[in-house]
Amino acid sequence: MTATPKFAHVVFQTGQPTEMRDWYCTVLDGHVVYQDKALCFITYDEEHHRVALLTPPVPQQRKSPTTAAVHHTAYTFAHLDDLLARYELLREKGVTPAVCIAHGVTTSLYYQDPDGNFVEMQIDNFAEPDDATAYMHGPEYAADSVGPAFDPDALLAARRAGASPEELTDRAWALRSELPDPMLVLSGAV
């Protein structure tokens, strides 16, 4: 193939269109482009919509943690300080992460929307994709492909105290927190 597509949008089927609309507009700092009884289009950049909500005319049930479905969508920030600024903004609005994980390849905060879908807010920990791929083929990633959980308030405090992004995005920093297995949260077991 010669053409490379770019990601355009994600569509969630929901029975809670108002709650989902408000949550995504808050978390993504987005706005509604169009809405009627069946559809809601939300964007946060130049694209006409990045998130769409589809509300069928029949009642919808919230997915269970064991339902086969999309698990999460992810959004990347350019710098750790940008990710922490979004964390603070959302925390002030009462939106807190379900779990935060030092994946090694990324530093990620996972939020859960009203329907139970996860939204990952992340930064890439490597400047070049080839370096990230090399890390994923290395021993640390092989030993634990998910990575340890961390406390976002501790991350924010350490950054404000002068710790560098390189220090804070190393898994060794997160391992000090000794939090529960993040896969238990992501799988719905907690």
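The values are calculated or read from the model by the stated rules, or taken from the named source; none is laboratory data. Here the structure is a predicted model, which is why all the values come from computation and not from measurement. In this analysis, Cβ positions are derived from the backbone assuming ideal geometry, glycine residues included, and neighbour counts consider all displayed protein chains.
Of all residues in the range 49-70, which are of a type outside the set (S, T, N, Q) and either out of contact with any strand residue (DSSP E or B) (no Cβ under 6 Å at 6 or more places or on another chain) or under 28 Å from Arg159 (Cα atoms) (or both)? Give the derivation first.
Our first condition is that a residue be of a type outside the set (S, T, N, Q); within the range 49-70, this holds for 49-54, 56-59, 62-63, 65, 68-70.
Across the range 49-70, the qualifying residues are Pro56, Pro57, Val58, Pro59, Arg62, Lys63, Pro65, Ala68, Ala69, Val70.
Tell me, which residue of the range 130-151 that is closer than 24 Å to Ala98 by Cα and outside any helix (DSSP H, G or I) is farthest from the chain's Cα centre (by Cα)? Result: Asp144.
Quick one: which strands (runs of 3 or more DSSP E) sit completely within the range 1-117 and have at least 1 residues that are aromatic (Phe, Trp, Tyr)?
Values: elements: 10-13, 31-35, 39-43, 51-54, 72-77, 99-102, 106-112.
By residue number, 10-13, 31-35, 39-43, 72-77, 106-112.
Against the definition (surrounded by fewer than 20 Cβ atoms within 10 Å (Cβ to Cβ) and either assigned by TED's automatic domain parsing to the domain that holds Arg171 or in contact (Cβ under 8 Å) with a residue 60 or more places away in the chain (or both)), how does Arg62 come out, yes or no? So Arg62 fails the test.
What about Thr14, is it at pLDDT 90 or above and either touching a helix residue (DSSP H, G or I) at 6+ places or on another chain (Cβ under 6 Å) or within 30 Å of Phe126 (Cα to Cα) (or both)? So that I can check it myself, show each step before the final result.
Numbers: at pLDDT 90 or above: yes; either touching a helix residue (DSSP H, G or I) at 6+ places or on another chain (Cβ under 6 Å) or within 30 Å of Phe126 (Cα to Cα) (or both): yes.
When the stated conditions are applied, Thr14 passes them.
All of Ala143, Ala172, Ala163 fail the test of being farther than 22 Å from Tyr111 by Cα, surrounded by 14 or more Cβ atoms within 10 Å (Cβ to Cβ) and not β-branched (Val, Ile, Thr), apart from Ala163.
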